[in-house]
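These notes are about the structure you will find just below.
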Amino acid sequence: MKMVGAQLAVLRRAAGFTQRTLAERARVDEETIASIEQGRRPLKEDFAELLDKILDTKGVLAAALEHMPEVDLFPRWAEEFIDLEREAIALSWYENQVLPGLLQTEAYARAVLRNDVPALSEDEIELRVAARMARQKILHREDPPTASFIFSEVTLMDRLGGDQVYYEQLRRLREWAELPGITLQVMPVGRQFHAGLAGPFILLETPDYQRLAYTEAPHGSRLIANPDEVSYLERRYAMLRTQALNPEETKRLLDRLLGEREQ
């Protein structure tokens, strides 16, 4: 993000604008321009296109945003996984506290990040939200991965961000549930047996059929390539699939939760 911000600063000066005059033309606060140039605020696609028109830069900013190095979007310790996720042919994802990032709406992701301790700045939150939304493009690839998601019913009981965010997220899940190649399953509360008590994890398969796993902690992550460890997590995931509601039962649960709002 800092790289794109620096490009904006150079292009702005070359076009003879100050931060204030550019902000006036773009009808935003001067602080918005300053924050983008300093890498503290993400440059959104539509705003990049507007700035390209104002500065007459022939789409330079929009192109820079599209090809922005992931080092500016994700923590260094997550870069390798993000690269693998982008090319994966299969994904299996289990979450027990929040919904999987690839399924989150923008508002829900923002609500999740606002619960970080210590608190993140608004600019940092927006950077992370933008990065999370960009990752979801893999589910809309021309050849999307076969994706399975299992998440705890607890994530559907919490109302992070309030009722509007909650119901928007439920509707999005219901839409995802109909996409070909995507399977959603809810792990209901009250089970006597639960294969996911050790916490969330992700399994993926690369285009050359390598099977890997990934676990994440607040200040780091672990990419697992050891076949024995990957096999252990694959067996856990297989058990979770038998314990969770099946995809049709999950759709009915989502329909019921959405219907409660209409009653």
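Mind checking whether some residue in the range 191-205 is touching a Phe, Trp or Tyr at 6+ places or on another chain (Cβ under 9 Å), among the small types (Gly, Ala, Ser), crowded, with 19+ Cβ neighbours inside 10 Å and assigned to a strand (DSSP E or B)?
Taking the range 191-205 first, the residues touching a Phe, Trp or Tyr at 6+ places or on another chain (Cβ under 9 Å) are 195-196, 199-204.
From what is left, the residues that are among the small types (Gly, Ala, Ser) are 195-196, 199.
Filter again for crowded, with 19+ Cβ neighbours inside 10 Å, leaving 195-196.
Among the residues that remain, those that are also assigned to a strand (DSSP E or B) are: none.
For the range 191-205, residues touching a Phe, Trp or Tyr at 6+ places or on another chain (Cβ under 9 Å), among the small types (Gly, Ala, Ser), crowded, with 19+ Cβ neighbours inside 10 Å and assigned to a strand (DSSP E or B): absent.
The set of residues from the range 198-210 being over 22 Å from Glu153 (Cα atoms) and at pLDDT 95 or above comprises Leu204, Glu205.
Based on what the data block shows, is Gln185 part of a helix (DSSP H, G or I), of a type in the set (S, T, N, Q) and within 21 Å of the chain's Cα centre (by Cα)? It is false that Gln185 is part of a helix (DSSP H, G or I), of a type in the set (S, T, N, Q) and within 21 Å of the chain's Cα centre (by Cα). Does any residue of the range 168-187 turn out to be surrounded by fewer than 17 Cβ atoms within 10 Å (Cβ to Cβ) and polar (S, T, N, Q)? No, the range 168-187 has no match at all.
Among the residues of the range 214-235, at least one is surrounded by 12 or more Cβ atoms within 10 Å (Cβ to Cβ), at pLDDT below 95, closer than 28 Å to Leu170 by Cα and not hydroxyl-bearing (Ser, Thr, Tyr).
Within the range 152-167, the set of residues being touching a helix residue (DSSP H, G or I) at 6+ places or on another chain (Cβ under 6 Å) and either not hydroxyl-bearing (Ser, Thr, Tyr) or not assigned by TED's automatic domain parsing to the domain that holds Asp228 (or both) comprises Arg159, Leu160, Gly161, Val165.
For the range 114-128, the set of residues classified as surrounded by fewer than 20 Cβ atoms within 10 Å (Cβ to Cβ) and of a type in the set (A, V, I, L, M, F, W, C) consists of Val117, Ala119, Leu120, Ile125, listed by residue number.
Annotation note: of Ile138, Ile150, the sole residue that is out of contact with any Cys (no Cβ under 6 Å at 6 or more places or on another chain), closer than 16 Å to Arg252 by Cα, among the hydrophobic types (A, V, I, L, M, F, W, C) and surrounded by 13 or more Cβ atoms within 10 Å (Cβ to Cβ) is Ile150. Residues in the range 153-167 that are assigned to a helix (DSSP H, G or I) and surrounded by 15 or more Cβ atoms within 10 Å (Cβ to Cβ): Val154, Thr155, Leu156, Val165, Tyr166, Tyr167.
The set of residues in the range 79-96 being in contact with a Gly (Cβ under 9 Å, 6 or more places away or on another chain) and either at positive phi or outside any strand (DSSP E or B) (or both) consists of Asn96 alone. Output the number of the condition that Leu179 fails; it satisfies all remaining conditions of (1) modelled with pLDDT under 95; (2) more than 21 Å from Lys137 (Cα to Cα). Answer for Leu179: the failing condition is (2). The set of residues in the range 236-252 being surrounded by fewer than 17 Cβ atoms within 10 Å (Cβ to Cβ) and of a type in the set (A, V, I, L, M) consists of Ala238, Met239. Of the set (1) touching a strand residue (DSSP E or B) at 6+ places or on another chain (Cβ under 8 Å); (2) at pLDDT below 85, all apply to Glu79 but (1).
Any idea how many residues of the range 156-178 are of a type in the set (Val, Ile, Thr) and within 13 Å of Leu253 (Cα to Cα)? Outline the logic, then answer.
Pass one, the range 156-178, residues of a type in the set (Val, Ile, Thr): 165.
Cutting the leftovers down to within 13 Å of Leu253 (Cα to Cα) gives us none.
Selection size over the range 156-178: 0.
The values are calculated or read from the model by the stated rules, or taken from the named source; none is laboratory data. Since we're looking at a predicted model, the values are computed, not measured. Note that each Cβ is placed from the backbone with ideal geometry, even for glycine, and that neighbours are counted across all protein chains shown.
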